[in-house]
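This report concerns only the one structure given below.
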Amino acid sequence: MATPPGWGNPEHNQSQYAQYPPPYPPPYSPFGYQHFQYPEPGLIPLRPLTFGELIRAGVNAIRRYPGALLGPIALAVLAELVLLGAYVLCAYLVSGQAFHDVLHYAEPASYSGDGRPTPPDGEVVAFAVWICGGLALALLCQLALSACAQVVSATAAGRGAVGRAFTFTEALRELRAHGGRALRLYLFLLLLGLAVMVVAFGPGIGLAAATGEPGFLALLLLAFPAVALILFVGVRWQLAAPALVLERQPVREALRRSWRLTNGTWWRTLGLSAVCSLLAGVVVQIVQIPASIVGSALGIGVSGLPNGHMDGAGLVLVYAVPMAASLILQPVTVAFQLLPNAFLYIDQRIRRESLDTALAAEAGITWPPTAPVPPQYVPPQPGPPTTTETETQSSQDPQDSRNAQEPTATDTPTPGTTSGTTVAEPPATRESPEQAPDEPKDSPPPAPPTES
């Protein structure tokens, strides 16, 4: 499968941070080096992102691609609801009597000696099988929902980074291309976590059942390292799904990429996931509390509380209204928790592998810009007079030149006095054109010729 341009896995500079700010200088201006403006072709600027920018980018992605993001996730939620509903209906039709007997016996009144019969072992086994099957189906549906949400979230982050469009049809195409590998990734993570839990908690549970309190203490001692190991490895593999989707990597290579990209940023990755989950939980509670109040009011209004108890229709409304509100809000909360993680993958590749250059090229931007060389100041050097200066000097008045050559009275030393200073001779200048070049200045006129 071909890797899209700009998202390939470079073989150089994988384990070292790139230097930021980049080694090239910012654009030169006549007034000096000014603040550098990074390009922003899409939802994020092409530079290392801050913590708040990662969360804001997730919100902006939901606002920009609501159909492509929320549509597939809503379809996955609806499919999960239909499958679980069909499973419950099938269980009721096949083993409805077993459910009735076991649940009726498990009521608190059955322990007060009211003479209720104990259900047969076959009904208990059937009840346990149906319950375990329902839990497994719910877990598989959640894995499929997570895989679907990861594929569309990573694709939306990649498109949003360069300002490209992302439609519902393209989201379905990406799901067909990457949904299977994303599901295998989550199955692998689930099975690995279950294996660690069994290895860690199995001996502790056995000791607790055999010895009581000492075994329970051993269970607690084994639980802390297992939970810490699962948490550490889970955070290091947090970026595997974006690498799998954007780089078209198989599961194993995606896990390796995530391990390298999260090296040295474990706490930042964990903090981002924790903050997004906390904010999503707050939003759910803000919606759930009014929905519960509305459901309770509708239930009381419909049933009328005969004999101080609520009938079946009222109970249905009490539970149905909050559940409907949760199902409507679930696509938004799931996308909000996964999108910052996808932008964190882009941020780590910008920091380590200079992905901003490839993204700028994909967006049609020349990056990094070519900065002109600033002009250098060259001080003037002394040298021979130029032709212009010589012509200017020769065009001066000859009389002024002769007056400048003649010494003044103050420059001539007085006879008989001794001076400690040496009087410099006036510089030789060119002779006046009125004088002959070979005659002295004050020579007498020549004598007239004598007659022979």
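Couple of notes before you dig in:
- Taken together, the residues in region 127-150 that are free of Cβ contacts under 8 Å to residues at least 40 places away in the same chain, closer than 28 Å to residue 170 by Cα and not aliphatic (A, V, I, L, M) amount to 0.
- The set of residues from region 267-280 being loosely packed, with under 14 Cβ neighbours inside 10 Å and either in contact with a Cys (Cβ under 9 Å, 6 or more places away or on another chain) or touching a residue at least 12 places away in the same chain (Cβ under 8 Å) (or both) comprises 271, 277.
- Total residues in region 183-229 satisfying the condition of being modelled with pLDDT under 80 and in a helix (DSSP H, G or I): the figure is 23.
- Of the candidates 5, 72, 66, 25, the single residue that is at pLDDT 65 or above, surrounded by fewer than 19 Cβ atoms within 10 Å (Cβ to Cβ), over 18 Å from the mean Cα position of the chain (by Cα) and not basic (Lys, Arg) is 66.
- Test for residue 54: is it in a loop (DSSP other than H, G, I, E, B) and either within 30 Å of residue 145 (Cα to Cα) or at pLDDT 75 or above (or both): no
Here is a yes/no grid of residues against (1) in a helix (DSSP H, G or I); (2) in contact with a strand residue (DSSP E or B) (Cβ under 9 Å, 6 or more places away or on another chain); (3) aliphatic (A, V, I, L, M); (4) under 18 Å from residue 151 (Cβ atoms):
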position	(1), (2), (3), (4)
324	yes, no, yes, no
328	yes, no, yes, no
336	yes, no, no, yes
341	yes, no, no, yes
351	yes, no, no, no
356	yes, no, no, no
359	yes, no, yes, no
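- One residue stands out among those in region 181-204 that are small (Gly, Ala, Ser) and surrounded by 15 or more Cβ atoms within 10 Å (Cβ to Cβ): the one that is nearest to residue 231 (Cα to Cα), which is 193.
- Selected residue [within 17 Å of residue 240 (Cα to Cα) and either modelled with pLDDT of 85 or more or assigned to a helix (DSSP H, G or I) (or both)] from 315, 255: 255
The values are calculated or read from the model by the stated rules, or taken from the named source; none is laboratory data. Since this is a predicted model, take the numbers as computed values, not measurements. Here Cβ is always computed from backbone atoms with ideal geometry, including for glycine, and neighbour counts include all displayed protein chains.
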